[in-house]
Structures are given as C-alpha cells and as structure tokens.
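A.B. asks: My questions all concern the structure below.
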Amino acid sequence: QVHVVESGGGLVQPGGSLRLFCEASGTIFSLNSFGWYRQTPGEERELVAATTSSGRINYADSVKGRFTVSRWNGKRTVYLQMNSLTPDDTAVYYCKVNLVPALVGPAYDYWGQGTQVTVSS
C-alpha cells in the first residue's frame, strides 16, 4: 500500500515564504515523478510544478522564479519552497506521485490529502 502525505502549509503574510513537504511511503518499486498542484474553491486543480523521470522540473508561469522543487533526504521526499508569496497563491496544495508499486506492473498516480496555504495580512 502506498501513502502520500503533504505537510508544511499554514498562514503567511504577503511577501513571506513557506516550505511544503511531500513524502511517499509504503511498497514502492520505483518512483518516477512528483507533481505539486493547487486548487481554490470552485476552480480546477492546476499544476504548480512537476518533476519528470529525466530529472527536469517544469513550473507554471505564475510561480516561475518564486517557487522551487527539490528532493529532500533521499528519493521519496520532495519539497516545494515558496517565496514572495501573494494572496493569489492561497489554495490547497496537493502532491501527486507517479510510481510503480510492484516489481511487475504499471505505474500509477497517487495523491496526498492536501495542505492549506493561506497568504494574508
């Protein structure tokens, strides 16, 4: 069984920073990529940043230069460093992990439960 857990959300003032963590645990044969998404009420979930199996990282235009995705302490955890936050960054942030859970079989996407980020003075 695979679990994906996000942490690190909270309340921050405009211009401030937060670091979100995403950890995948459980039976994992290989891990292909991580993706960070965010969603506000009534809106579609949107991509924030995503790694690829080749190691490339793609960022949404709205966060380029402010957000950075990095691996943390091994291969099953990634964090999202968010700087220069604005109220428009307020959302629930979700982590999606694409991985192969068994020695033989396809890859699947697993989502975390989300963590709230609120940017407000």
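A.B. asks: With Gly55, Gly8 as the choices, which residue is on the phi > 0 side of the Ramachandran plot and either without any contact (Cβ under 8 Å) to a residue 24 or more places away in the chain or basic (Lys, Arg) (or both)? Break it down into steps so the answer makes sense when it comes.
C.D. replies: On the way: Gly8 fails: either without any contact (Cβ under 8 Å) to a residue 24 or more places away in the chain or basic (Lys, Arg) (or both).
Residue meeting the stated conditions: Gly55.
A.B. asks: Say we look at region 39-97 and pick out the residues that are part of a loop (DSSP other than H, G, I, E, B), out of contact with any Ser or Thr (no Cβ under 6 Å at 6 or more places or on another chain) and under 14 Å from Thr118 (Cα atoms); which of these is least open to solvent (accessible area, probe 1.4 Å)? Steps first, please.
C.D. replies: Of region 39-97, the ones part of a loop (DSSP other than H, G, I, E, B) are 40-45, 52-56, 60-66, 72-76, 83-86, 90.
Narrowing further to those that are out of contact with any Ser or Thr (no Cβ under 6 Å at 6 or more places or on another chain): 40-45, 54-56, 60-65, 72-76, 84-86.
Checking which are under 14 Å from Thr118 (Cα atoms) leaves us with 40-41, 84-86.
Numbers: Thr40: 50, Pro41: 129, Ser84: 64, Leu85: 3, Thr86: 52 Å².
Of everything passing the filter in region 39-97, Leu85 is least open to solvent (accessible area, probe 1.4 Å).
A.B. asks: If the Cβ limit is 6 Å and pairs must be 6+ apart or interchain, which residue in region 102-121 that is part of a loop (DSSP other than H, G, I, E, B) pairs with which residue that is acidic (Asp, Glu)?
C.D. replies: Gly112/Glu6
A.B. asks: Can you name every residue in region 16-38 that is open to solvent by less than 50 Å² (accessible area, probe 1.4 Å), in a loop (DSSP other than H, G, I, E, B) and at pLDDT below 95?
C.D. replies: Passing the criteria: only Ile28.
The values are calculated or read from the model by the stated rules, or taken from the named source; none is laboratory data. Since we're looking at a predicted model, the values are computed, not measured. Positions of Cβ are generated from backbone atoms using ideal geometry, with glycine treated the same way; all protein chains shown enter the neighbour counts. SASA here: full protein model, heavy atoms, side chains in, ligands and nucleic acids out. Shrake-Rupley method; radii C 1.70, N 1.55, O 1.52, S 1.80 Å.
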